[in-house]
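Working notes, structure below.
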């Protein structure tokens with residue numbers, strides 16, 4: 001039997017890690033605060049491009065204080081609204097730049 005869908009891997013591949021670093025180095029915090037990003041956030045919301053709950057290609061760059069605020073809030077609303085769409089845009093840029 002041939003597997004049609006790739007199996008989920010909880011650890012990012014080398015290519016996904018490189019994509020994460022590229023996002024952190026290339027883009028400011030995705031919430032719009034203007035701070036430099038320090039990590040990537042796996043979006044919580046569902047999106048057609050999202051393969052798994054914690055998809056390593058569906059991430060947004062955030063500053064650590066914004067990331068902590070997002071998780072303390074418990075939802076991607078307010079200034080964190082639209083994170084899934086932003087992650088899809090970053091994913092597409094990563095594909096176009098040869099990062100994914």
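Report the normalised scattering of the chain as log10 I(q)/I(0) at q = 0.20, 0.21, 0.22 Å⁻¹, calculated by the Debye formula with identical scatterers on the alpha carbons. Ignoring solvent entirely, the Cα scatterers give -0.99, -1.09, -1.19. As a length-normalised measure over Cα pairs under 8 Å and 6 or more apart, the relative contact order of the chain settles at 29 percent. Based on DSSP H segments of at least four residues, each scored -39500 (n - 2.57), the chain has a per-residue ellipticity at 222 nm of -11500 deg cm²/dmol.
Counting only alpha carbon atoms, the long axis of helix 14-26 and the longest principal axis of the chain meet at about 20°. How tilted is helix 64-73 with respect to the longest principal axis of the chain? Cα atoms for both, answer in degrees (0 to 90, nearest 10). The two axes meet at around 90 degrees. A protection proxy built from the mean count of other Cβ atoms within 10 Å ranks the segments 71-79, 55-63, 88-96, most packed first, as 55-63, 88-96, 71-79. Helix 83-96 versus the longest principal axis of the chain: what is the Cα-based angle in degrees, 0 to 90, to the nearest 10? Here the helix axis deviates by roughly 60 degrees.
We did not get these values from a lab; they are worked out from the coordinates using the rules stated. Please read all numbers here as calculations on a predicted model, not as lab measurements. Glycine gets a Cβ as well: all are built from the backbone with ideal geometry, and neighbour counts include every protein chain shown.
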